[in-house]
Amino acid sequence: MTYVKNGLYKIWSKSKLNSSYWFIPSLMTVGVILLSIASVRVDTSLGPDWMRGISWLYSNEPAGSRALLSTIAGSMITVAGVTFSMTLLSFSHVSSQIGLRILNGFIEDRGNQITLGTFITTLVFFLLTCSKNGSK
């Protein structure tokens, strides 16, 4: 068992997927697509009646929920655009003075990958749930 574990670790550490900038955001996007499908199915099967028994939950009409989700999705894509354009602008400036090696550090950084994945998956989740709920 240890041999298999060590062998898989060696394959994983040498693969290009591990250091790809889009690998973690892609995995997160696939996960959020599955979560969106599951949440829409649960919402469809339970209906709105289960929320009426819980006093601290607020139920909204589909149009209000769609407007809220659209606002959140719009703000997330704006924040993602500003964040990554400022980051790439600063890296562009630094790379002209230091060199392109700093860009590899940015691309391989897990924090940047997870941040990009969070922004993308939030947008994808909101778009999928709005379109599914709007088609009822």
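All of the numbers you see were taken from the coordinates with simple rules; none came from a lab. If you're wondering where the values come from, they're calculated on a predicted model, not measured in any experiment. Because the Cβ atoms are built from the backbone with ideal geometry, glycine has one as well, and the counts that use them run over all protein chains shown.
Quick notes on this one:
- Sorted peptide list for 21-27, 117-123, criterion being average Cβ within 10 angstrom, highest first: 117-123, 21-27
- Extension gain (nm, one decimal) between Val30 and Ile72, 0.36 nm per residue minus Cα-Cα: 13.1 nm
- Theoretical FRET efficiency, 1/(1+(r/R0)^6), r = Cβ-Cβ of Glu108 and Arg41, R0 35 Å, to 0.05: 0.40
- Kirkwood hydrodynamic radius over Cα pairs of segment 62-130, then Stokes diffusion coefficient at 4 °C and 1.567 mPa s, in µm²/s: 95 µm²/s
- For segment 42-91, the fraction of alpha-carbon pairs lying more than 19 Å apart is 52 percent, rounded to a whole number.
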